[in-house]
Structures are given as C-alpha cells and as structure tokens.
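**Q** Quick one: this structure, given as structure tokens, is what I'll be asking you about.
The values are calculated or read from the model by the stated rules, or taken from the named source; none is laboratory data. Please read these numbers as outputs of a predicted model, since none were measured by experiment. In this analysis, Cβ positions are derived from the backbone assuming ideal geometry, glycine residues included, and neighbour counts consider all displayed protein chains.
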Amino acid sequence: MDYGFVKVAAAVPELKVAGCGFNTGKIIEMIMEASEAGVQLVAFPELSLTAYSCGDLFHQQLLLREALSQLKLLAESTNTLDIVILVGLPVLLDNQQFNCAAVLQKGEILGVVPKTYIPGYKEFYEERWFTSGNNAISDEIELFGKQVPFGTDLLFEAAGQYNVCFGVEICEDLWVPIPPSSYQALAGAAILFNLSASNEIIGKYEYRRELVRQQSGKCIAGYVYTSAGVHESTTDIVYGGHALIAENGGLLCESERFLRAGSMIISEIDVQKLQNDRIKNTSFMEGFPGHSFRKIGFRLGGSEHMDSISIKTTASAKDTTLIKDMANIKDTVQIGDTASVRLTRHIDPHPFVPPDESARDIRCSEIFAIQTAGLAKRLEHTGMEAAVVGISGGLDSTLALLVTAKTFDMLNIPRNKIIAVTMPGFGTTDTTYQNALELIRSIGAELREINIKKACMQHFSDIGHDPSIHDVTYENVQARERTQILMDIANKHSGLVIGTGDLSELALGWCTYNGDHMSMYSVNCSIPKTLVKYLVRWAADNVTEQKSADVLLRILDTPITPELLPPDENGRIQQKTEDIVGPYELHDFFLYHTLRYGAPPLKVLFLAQQAFNGSYSAGEIKSWLKAFYKRFFSQQFKRSCLPDGPKVGTISLSPRGDWRMPSDASAELWLKELE
C-alpha cells in the first residue's frame, strides 16, 4: 500500500481439534486469499496450528512434533510470498512449554513470541500446560536448523519512511492491567497483534470489542485481534471467531461471529497518522520504563510506491542520493495512480460530521453547550448584559444569534438585550433580507436595520474609488463599514460584538481583514462550514420555537454568499462563495487531514479521491487542493490576530494555542509535491 497505509488481516480458519495437517491446509488457503487481496500482514488465532482446546493432548509429544512439522510446511508453502504471517502453536524450550506466536515471511521464521500471562482460572486452566514467557531462559530457539529469536521482547520492524513496526501479544495478555502491547507501543510498535482464543458468554463480545478499541486508543496504534472459531471443542464452552481491527480508539472493521466457514476481515492501518499523533502527544513517552526490545527486520511487501515524496526520473545529484537512501522505492508516484488504488477502510468525506443521525445530535448538543458556556463566561467576566450581532440571513450569523439567545436565557438576561443588526448593501437580495428580519423577530432580539449604501458611497468618494469597479476594494469597504457599525453600537450600549465567522473561512482567509474578521468574542471560530448547517438544523429541531424553526429551514436552503456584489437582473444571488473558493466539503476535508494528522499533499489527494469517488474528478480535487494550500499559507496573517473564541473540536486555528504558524511561511514545498 501507499501513503502510510499498511494492509492487515485478521483470519479465523476452519479447524479440527488436534488436526494439525487439516488446520495448516486451511491456514495456507487463507494466506493465499489474503496475499491475492494485497494484505501485507495476516494474523491467525492462538494455537491455530493445533487448536486451542486440545487440553491434556498438549502433553503428547506426537502433537507437539506435528505442530512443528506443520509450521515447517507452512513456511515452505509460502516461501514465495511477501506477506507476513502470524500463527499460534505450542513450543518446547528450556524444559518448559510455551503458548507461542510464530512470525513468518518468505519461508523464514522471523521470531517466536511466547504468551506472557497464563490464565489459571475457571474454564481457562492453561497453567496446566503452559508457562509464562517471562520464565524463558533462552532468547533463541533452534527451528529447522536455524537459530530463531525467541522471547517477549521481540518487535518486528520494516525500514522505510514510517518505520513500520509491530508487536505481538496473546489473548490474556490484553486483559491484564498493563498489557505487553503498552510497552511495545512505547518502544515503537505502531501495529499490535493479538492471537486469541476467547470464548463466548453473554455480553463478553461487547467488553472484548471495547477492550480492543480502548487499547488501540491508549497506545495510539493499530490493533489487530483474531480469536478462535466455532470448530474448537464445545465440550464445555463455545468460541465465536471474533475478529476486530481498530485504530487509535476507532473500530475499522469487525467480523460476524459464529460463522461455520472460515472468515477474514481486512483493513488498512494508517501508520503515518499514528506517527503524527504520537509526536503531537508529548506525554505519550512519559511513562516508558525503559524496557529494552530486540527489533527483527522484515520487508514490508506491497510497498511499490513511495508515499509522500514524488520522485522524478530527472532528479538532481542531490535528489538521487536521497532516493538511494530511502527504502522500498520502486516506482514514481503519479497523481493519476491514486484513483486506481482503493482502500478497504471507509474514508469519511465529511470528517467533522458524524454520519449517524443520533451521533450527530449528540455532537451538535455538545458543541452548542460549549459555545454557550464560553459566551456566558465572557459576559459574566465583563459584566455586560448586551450583545451585538450582525445578521445577514446566512448560516454563520444565524448560528451566532442562536447561541447568543440561548446564552442570554441561561443567564436570565432578556433577549431584547441582544441588538441584532441587519445592514443591507449593494449585494443584498430580498431572500436573505427577509430571512434576516424574520429570524430576528422570531428570536425576540432588538431589530436594527441600517442600510450601508450611502455610507459606502461617501467612503468611495473619500478614497477616490469608482463604485462601478467591483473589485476587492468595492467588497471590503462594505465589510468594514458593517464591522464599524457593530463595534460602535456595542460601545454605545456597553455590549460585546459577537463574531460570526467559522473555521473554514478562517482556514481560507475568506474574511475581510479588520472587517468580518474581527469581533469581541467569536463563538463559531472552530466550527467548520460543513458542520454549521447541521448545528442550525439541530437548533431548529431542539432549541427554538416553531416560528424560528420555519425561518431556519429557509436559511438552510439559501446558497452560501457574502453578498458583496450586486444581484443579477432578476434579483437573485450572483456571488456564490463555493464558485469562488471551491466546495467547502473539499476544503474541510483538506483542512482536517492536513492539520489533524499532518498528511502530506499526495496523501491528502489520495484520501480525497477515495472519499469523493464519483463526486469530483481527480483533476477537480487536485485543483482545489492547490487552491487550499495557496490560501491557507497566504492568509495566516489574518489568523495571527484572531479574537477569543471557544475550541469545540480537535482542530482550532487559534494563534494562542492550537496553530502557531509564521505569517510569511512558504507553500512552495506543498505545492511542488502536487506537481
């Protein structure tokens, strides 16, 4: 895979208890299937060569010899494949028997990892047959004439841009207070595997799922879990074949349990994203006790393109040296190639917006609570009981007014202390004008209407600007006139000007410097445009009266526009924001992956093509991505002096906390990669 993704699989094969030959045959079948699907790492359940439920048969030498014989056959049968294979088997060493995971690739046994925590309770009385890997004396084992690393201190690492490293633990290891995978993650493992045999009792699968998800989140890692299936012995308990793949607290995919046929789930772990989160989380390494690990090298198969850096055949001498120093590079990354590679995992085109309606409602409720709490504190601190909001009839100012009204209710301040000002200008249409008036009246705020045309014409005359020239001066004069009015009204009535601009506008610099760019408290500053409309719709359904809800629905159907240019001959909106800066759903997607995970341009492009496949062409996405980088870098100076406002999500552009960027930084490197 490319762009920092590693394709992994969790397999649950059919088996026979103590039928090692049958089991190996089924495992080989699934390995071939996984390899054909482009899987790079595949894991099978605990003791998968013998079956987990062999009981006292684990004391039979014949079974143990046969398990090793089948391991050799498995290695020989897959010696032409790049795929890394993890299988479970019993291993004798140092006069002790261990429950182990063997790691294989291209016919070689890379290492053997014994289980650390051996259960000695209830239905799992493993202490009868196995001992803890902590009791091992030797750190190598002879297998098929070669010395193979053995121990709980093994990690497996493939050199490359992201140094893909994985660790292995077995079943019970995950269920203890500090799992071995916690130390493995601190030592560099970005992917954690668990070969398990976890039985099914009422409700256990939910706890197991949460355990896997939480461990992936705590370790900022991918976690691949596979457990024994229904063909294990059912003498006293039943196994369901539960397989899960999680990444940093989120579940990527999950198997159906109790399947009679073998099953396999496949997804991709984004190691670049994980690496970025670990770097940002400076407390991640604070608890590392200094455990030493041996790192076993392997080759990550399927990495046929170098991610993030475009290599051209006309490289300079310096570039050639760089290329030679990089691992796993075979071909040039081509922009067009990104569309031909399809991920198994879902890439959400709207990462700021939960796809599930109930989850959206919870998100909107939480955001609204944060906004109102922030504004309430600011009003209490300043002792002011008046707020001034400019109302355009658009989404952002609507949301700001709703937040202000709810905050006044919380503080028992009459809503008529909200001074809502609508300021018709040269581009105002009757649709937005009427929406603004109805909204203000329905909320119960004080309505002020101030037409700015006369003042703007006077200003054009003062500065010597021809009003027939509809350039940036023509537009910004209107924006700054409106801000001046709001600020002066706030001074006159000892109130606060409530900002309306959102996160997407700040990212693109789509605001007039010292115009709508400025306020005394900005309640929408970390809410992206794609989420604003859902917040307004949620407010219409949950926190407003019917008369307000009706106008809110009409506002939701209005195109996004600054209305700074005159309408067309039919009085309709002529200036549509997304026609100028591009679709907000694309820009919000670019913003999320660039800031949240530090994704390089080629990866952002690749992800966008996955997410918006069929909605935008590769050329359109690339064009708007270039526009995003140009605007994001060139408009930082506006973000360097933003007013205060509450952070509501993982991304904020506040210069005091989340985003500290030089205003004169160059976008050249980012744009060059796209070329």
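**Q** Of the residues that sit in the stretch 238-252 and are assigned to a loop (DSSP other than H, G, I, E, B) and either without any contact (Cβ under 8 Å) to a residue 40 or more places away in the chain or aromatic (Phe, Trp, Tyr) (or both), which one is surrounded by the most Cβ atoms within 10 Å (Cβ to Cβ)?
**A** Looking at residues that are assigned to a loop (DSSP other than H, G, I, E, B) and either without any contact (Cβ under 8 Å) to a residue 40 or more places away in the chain or aromatic (Phe, Trp, Tyr) (or both), I get Asn248.
**Q** When you go through (1) charged (D, E, K, R); (2) touching a residue at least 24 places away in the same chain (Cβ under 8 Å); (3) closer than 30 Å to Ser365 by Cα one by one for Arg441, which number turns out not to apply?
**A** Unmet condition: (2).
**Q** Quick one: which helices (runs of 4 or more DSSP H) lie wholly within the stretch 540-627 and hold at least 3 residues that are more than 29 Å from Gln275 (Cβ to Cβ)?
**A** 546-556, 577-581
**Q** Could you tell me which numbered condition Glu29 fails, if it satisfies all but one of (1) crowded, with 17+ Cβ neighbours inside 10 Å; (2) under 18 Å from Thr226 (Cα atoms)?
**A** Of the numbered conditions (1) crowded, with 17+ Cβ neighbours inside 10 Å; (2) under 18 Å from Thr226 (Cα atoms), the odd one out for Glu29 is (1).
**Q** Continuing with the same structure: Name the residue, out of Leu437, Leu411, Leu447, Leu401, that is in the same structural domain as Ala369 (by TED's automatic domain parsing), surrounded by fewer than 19 Cβ atoms within 10 Å (Cβ to Cβ), under 13 Å from Val551 (Cβ atoms) and modelled with pLDDT of 95 or more.
**A** Just one listed residue meets the conditions, Leu437.
**Q** Consider only pairs whose beta carbons are under 7 Å apart and that are at least six residues apart or on different chains; among these, list those whose first residue lies in the stretch 562-577 and is among the acidic types (Asp, Glu) and whose second residue is outside any loop (DSSP other than H, G, I, E, B).
**A** Partner pairs satisfying both residue conditions: Glu563/Thr432.
**Q** Now, a different point. Only one of (1) among the hydrophobic types (A, V, I, L, M, F, W, C); (2) in a loop (DSSP other than H, G, I, E, B); (3) in contact with a strand residue (DSSP E or B) (Cβ under 7 Å, 6 or more places away or on another chain) is not met by Ile527, so which one is it?
**A** Every listed condition holds for Ile527 apart from (3).
**Q** Just for the stretch 195-237: of the residues that are among the acidic types (Asp, Glu) and not in a helix (DSSP H, G or I), which one is modelled with the lowest pLDDT?
**A** For the stretch 195-237, the residue satisfying everything is Asp236.
**Q** Gly241 is checked against (1) under 18 Å from Arg596 (Cβ atoms); (2) touching a Gly at 6+ places or on another chain (Cβ under 9 Å); (3) modelled with pLDDT of 95 or more and fails just one. What number does that condition carry?
**A** The failed condition is (1).
**Q** Looking only at the stretch 58-80, decide whether some residue is within 19 Å of Ile245 (Cβ to Cβ) and either surrounded by 19 or more Cβ atoms within 10 Å (Cβ to Cβ) or at pLDDT below 95 (or both).
**A** No; the residues of the stretch 58-80 include none that is within 19 Å of Ile245 (Cβ to Cβ) and either surrounded by 19 or more Cβ atoms within 10 Å (Cβ to Cβ) or at pLDDT below 95 (or both).
**Q** Separate question: Please go through the stretch 254-308 and give me each residue that is of a type in the set (S, T, N, Q), modelled with pLDDT under 95 and either touching a Leu at 6+ places or on another chain (Cβ under 6 Å) or not assigned by TED's automatic domain parsing to the domain that holds Ile191 (or both), ordered by number.
**A** Ser303, Ser308
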